[in-house]
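Coordinate-derived values only; no laboratory data. All of these numbers come straight from a predicted model, not from anything done at the bench. Here Cβ is always computed from backbone atoms with ideal geometry, including for glycine, and neighbour counts include all displayed protein chains.
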Amino acid sequence: MLRQRIITAAWLAPLALFGLFGLQGTGFGLFTAAIVLLGAWEWANLAGIASPARRLLPVAGLALLMALCWSTGVAWAAWPLWLGALGWLANLYWVTGYPERLEQWQSTTMRLAMGLWVLLPTWVGFNVLHDSGAAWLLFVLLLVWGADIGAYFVGRALGRHKLAPSVSPGKTWEGVAGGLAVTAVLAVVFATWLELGLAGGLALLAATLVVTLASVLGDLLESMLKRHRGIKDSSRLLPGHGGVLDRVDSLTAAVPLFALLHGGLL
């Protein structure tokens, strides 16, 4: 398994870096669309559609929405991000109430709708941040990775109080605190590097802490859906790493929210 993980990472990491930072305009839009649409194919399975062929219908629907958004230009950017923000409030309500509130979202239709307000804003957020400059796209990626690393090491060393035991028994509040500490340092470093000043630095720090918490929710949401579906990984598209959603679950919450906050604060 370790060998397979290393092999997959050896080709996946350069491809991701080239796509995210080497492509511009339409190329970047198509690259991120491909990632999100693969995630949509996996999400259809999480929604209860077992047949691979039948999963193509919701994927096609999402692709059509992406094409409509792209064709209308920059004016379309705001509404999917606000859709995502409102949708993640519902996701928070369901994650914190699992399994008691299960009947509210367990239908296939409801889970597909959930996928719409998670995945479409993710794609829009990637493109909005990319248009704002590579530094901001890099920042949100480092934020999510830093939060994961901080949570892992602090959680293992100090974790005592369970965060959401019915959803993801391994996560702890101490781990969340560790992730927040790492991303707070990252915000200070970026604010200094970009010379944002005191007001801009404080705005970035506040946005960073909020987005870090959102990234944790993104992870928990996918864990909840996989637990309900009775599967370990969203798919086997990435040998040794599970599926696309397993790699970008935290980003699905962090990217659209940071894009929204970036537009209003920074």
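For this structure, a couple of remarks:
- A crude spin-label estimate for the pair His241 and Val210, with each label 7 Å from Cα along the Cβ direction, gives 3.0 nm.
- A protection proxy built from the mean count of other Cβ atoms within 10 Å ranks the segments 201-208, 214-221, 32-39, most packed first, as 214-221, 32-39, 201-208.
- Contour excess over end-to-end distance, with Cα ends at Leu138 and Thr109 and 0.36 nm allotted per residue: 7.0 nm
- Highest-first arrangement of 78-87, 226-235, where packing means the average Cβ count within 10 Å: 78-87, 226-235
- Distance in nm between pseudo-label sites at Arg5 and Val188 (7 Å out along the Cβ direction from Cα): 3.1 nm
- The stretch 1-101 shape via C-alpha gyration tensor axes, a/c threshold 1.5: oblate
- Ordering of 164-174, 8-18 by burial proxy (mean other Cβ atoms within 10 Å per residue, highest first): 164-174, 8-18
- Oblate is the label for the stretch 120-231. Its Cα gyration tensor axes, ordered a ≥ b ≥ c, give a/c of at least 1.5 and b/c at or above a/b.
- If you sort the three axes of the alpha carbon gyration tensor as a ≥ b ≥ c, you get a/c under 1.5 for the stretch 2-265, which makes it rounded.
- Each of Gly230, Pro14, Ser250 was placed along the dipole of the chain (beta-carbon charges, centred on the mean Cα), and the one lying farthest toward the positive end is Gly230.
- Where a label projected 7 Å from the Cα of Phe153 along Cα→Cβ would reach, residues of the stretch 166-199 with amide N under 20 Å: 171-190
- Net dipole in debye of the chain [+1 Lys, Arg Cβ; -1 Asp, Glu Cβ; about Cα centre; nearest 20]: 760 debye
- At full extension, Ala90 and Arg160 could sit 22.4 nm farther apart than now, given 0.36 nm per residue minus the alpha carbon distance.
- Between Lys171 and Leu163, Ala164, the built amide H atoms are under 5 Å apart, and every one of these is 5 or more places off in sequence or on another chain.
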